Amino acid sequence: MVYPQGTIVAVGGAEDKGTDLEKGILQRNRLNFFELGILRNIVSLIDGNEPHVEVVTTASSIPDEVAQNYTDGFRKLGCTNVAHLAIRNREDAANPEYIERLKKCNCIMFSGGNQLRLSSIFGGTKFLDILKRRYREEKFLVAGTSAGAMAMSNTMIYEGNAGLAHLKGEVKITTGLGLVDNAIIDTHFDKRGRFNRLAQAVAAQPGAIGIGLGEDTGMVLTDGHVLEAIGSGSVVIIDGQNIDYNNIADVGFGKPISVENIIVHIMSKGDKYDMETRKFEGSAIIITDED
């Protein structure tokens, strides 16, 4: 087995999607995301002494504002070579200048917003081919938050009301960017009550591992299969490999689903999970108030 040489960091939010309320939250919490240490974790994993970071805000409806937020955060932590790949459509994704910058950077960071924009704009492009090749063959870091994290998996949730997610058909799934195999990533997991949403997605594809990321929380993926939790909250793993009874194929749309024997792990900072062996490893880290 040849494992990817690169690293993935997927973060659960909180990231804006452009509403007036969320713009206000973004402004009030401008540096909060970074001060909690998530971005510091990302910076520590970038290869090179003077790393070149490219920020992609394709998913966001306020791309310039979000790009400035990340640029300020990276620079606050010592990364001065930070630029914005202002990709808004498939024509932009084919821009030779952007492709050359992708080839030269050490890290690419996908912002939050609408994950369907990421899959529909980058799917089948040379840009995505180069991104995936660099992740597989080089010490290249791919990071994403909220929608940017959800799009990393091969199977991607793009819609689903958490309050109705126990009903068949209420969770919409499509193909993501395909960086993480056999996984489904969901974000804002605790705050927005998305357990049933991810559980239904796993019930529909029990071979895939559900990864639920809380806000201010993320996971680092190394060797393509080893997850480590980072941040202040919880990472929830939903493993459907041992499902016995599962009626999702038989009940009508809009009817409650039933699933037996889903395995759930709750991970906190430093805990690890091997996606190949499906084994959990506690960190034995003692958490203090100062952490």
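Along segment 246-255 the Karplus relation, 6.51 cos²θ - 1.76 cosθ + 1.60 evaluated at θ = phi - 60°, assigns HN-Hα couplings of 8, 9, 4, 7, 9, 7, x, 4, x, 9 Hz to successive residues, with x for each Gly and Pro. Peptide packing for 147-155, 254-262, 56-64 was compared via the average number of neighbouring C-beta atoms within 10 Å per residue; ordered from the highest value, the list is 147-155, 56-64, 254-262.
Excluding the site residues themselves, the longest part of the chain lacking any chymotrypsin sites (Phe, Trp or Tyr not before Pro) in a DSSP loop with at most 10 other Cβ atoms within 10 Å is 1-244. DSSP beta bridges confined to segment 7-279 are antiparallel in about 55 percent of cases.
Dividing the radius of gyration of the alpha carbons in segment 145-270 by their Kirkwood radius gives 0.95 for Rg/Rh. Sequence neighbours fewer than 8 away in the same chain don't count; with that in mind, list the lysines whose C-alpha is under 23 Å from LYS76. Straight-line reach from LYS76, under 23 Å: LYS23, LYS104. Legend: Rg and Dmax of the chain, from Cα coordinates, 18.3, 56 Å. Values of log10 I(q)/I(0) for segment 30-144 across q = 0.12 Å⁻¹ run -0.39, by the Debye formula with one identical scatterer at each alpha carbon and no solvent.
What's log10 of I(q)/I(0) for segment 221-285 at q = 0.18, 0.22, 0.28 Å⁻¹, Debye sum over Cα points only, no solvent? So the normalised log intensities work out to -0.73, -0.88, -1.17. Placing a label point 7 Å from the Cα of SER283 along the Cα-to-Cβ direction, the residues of segment 226-258 whose backbone N falls under 12 Å from that point are 228-235. The order of ILE46, ILE248, ILE130, going from fewest to most other C-beta atoms within 10 Å of their C-beta, is ILE130, ILE248, ILE46. At q = 0.13, 0.15, 0.21 Å⁻¹, what base-10 log of I(q)/I(0) does the Debye formula yield for segment 104-212 when every alpha carbon is treated as an equal point scatterer in vacuo? Relative scattering, expressed as log10 I(q)/I(0), comes to -0.46, -0.61, -1.09.
From its DSSP helices (H runs of at least four residues, each -39,500 (n - 2.57)), the chain gives a residue-normalised ellipticity at 222 nm of -7500 deg cm²/dmol.
Laboratory data are not the source of any read-out in this text; all were calculated from the coordinates shown. No experiment lies behind these values; they were computed from the predicted model shown. Because the Cβ atoms are built from the backbone with ideal geometry, glycine has one as well, and the counts that use them run over all protein chains shown.
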